[in-house]
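The values are calculated or read from the model by the stated rules, or taken from the named source; none is laboratory data. Just so you know, these numbers come straight off a predicted model, no measurement behind them. In this analysis, Cβ positions are derived from the backbone assuming ideal geometry, glycine residues included, and neighbour counts consider all displayed protein chains. Side chains are part of the model used for accessible areas, which takes the heavy atoms of the whole protein and leaves out ligands, DNA and RNA. Shrake-Rupley method; radii C 1.70, N 1.55, O 1.52, S 1.80 Å.
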Amino acid sequence: MTDKQTPPPVTVTLEAGPAGSGSIDDFELFYARRALDRFRTLLGRQGLLDLLAADIEEGNAFLRESARTSGGSFKAGTTVLATKGLTSAAFLAWMDEAFAGDERALLMAHPEHYVMGTDSVGARVVENIGPHIADFYMGGWGTDAMAWAEDAAELLPESGFPRKMSSNLFLADGTVIGRALIQFGDTADGFTANLTVYFPVTCPDDVLDHHLRHYAVEFRNWIVAAGARA
């Protein structure tokens, strides 16, 4: 009996054709984003909420149970991004403007953003938390509400990271299902962003890891959008 060897992977490269630069992956990403924007626009906010209602109920139930079984204990992870060509002040000014009313700019930053805006409760977000779709609020976002984070091991020195924002992430019933702590420090040619998220300790590790990836995608795209506006 002979061992069956695994054949090498099939590869395809673009040799000629379209004008301009870019790989096939770049083309696919452009078309995927365009298609997603079309569906978001056609469905609208309420249409998306109606479509995702069952998934949201399941995702919120998962996070609510995780919070209950964790007894108020959280585990943290941090994504660090280095930016060149833009200051943290310029980026945060853009973020303030976007959260004040440019929902489309917020949604476009990640394929798994469904709702971002403000209602009677506060700043509302519907997005994936790991594989789960959650409908939650951010309390204190965009303020200096750092009280819960004062003893956090992830809190960086004020001298190096003077711009900080924090938030509890909570469901409409008040259940705290996570926290966020983001810190920005300017460098000679840009800024560094330390983006920390906290989830209940009983959440699977892959939920935390996927949100660190989520951070990388959304903040990269927000920073690029802010730079284009500067």
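Quick notes on this one:
- Extreme residue, nearest to V126 (Cα to Cα), among residues of the stretch 39-50 that are aliphatic (A, V, I, L, M) and more than 21 Å from the chain's Cα centre (by Cα): L43
- Residue list for the stretch 69-81, filter: in contact (Cβ under 8 Å) with a residue 24 or more places away in the chain and farther than 20 Å from L155 by Cβ: T69, S70
- The residues in the stretch 197-216 that are part of a loop (DSSP other than H, G, I, E, B) and open to solvent by 50 Å² or more (accessible area, probe 1.4 Å) can be counted, and the count is 3.
- Cross-chain or 6+ apart pairs with Cβ under 7 Å, the stretch 44-68 first and touching a residue at least 12 places away in the same chain (Cβ under 8 Å), then charged (D, E, K, R) and assigned to a helix (DSSP H, G or I): L48/R40
- Boolean, D205 is closer than 24 Å to E97 by Cα and acidic (D, E): no
- Hey, N194 surrounded by 18 or more Cβ atoms within 10 Å (Cβ to Cβ), farther than 20 Å from Y137 by Cβ and either among the aliphatic types (A, V, I, L, M) or modelled with pLDDT of 95 or more (or both) or not: yes
- On the stretch given as the stretch 61-100, residues that are surrounded by fewer than 14 Cβ atoms within 10 Å (Cβ to Cβ), within 18 Å of the chain's Cα centre (by Cα) and at pLDDT below 95 total 3.
Let's see how each residue does on (1) more than 25 Å from C203 (Cβ to Cβ); (2) polar (S, T, N, Q):
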residue	(1), (2)
L42	yes, no
A53	no, no
T87	yes, yes
E103	yes, no
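- Consider the stretch 158-191 and keep the residues that are basic (K, R) and either touching a residue at least 24 places away in the same chain (Cβ under 8 Å) or in a loop (DSSP other than H, G, I, E, B) (or both). The one that is most open to solvent (accessible area, probe 1.4 Å) is R163.
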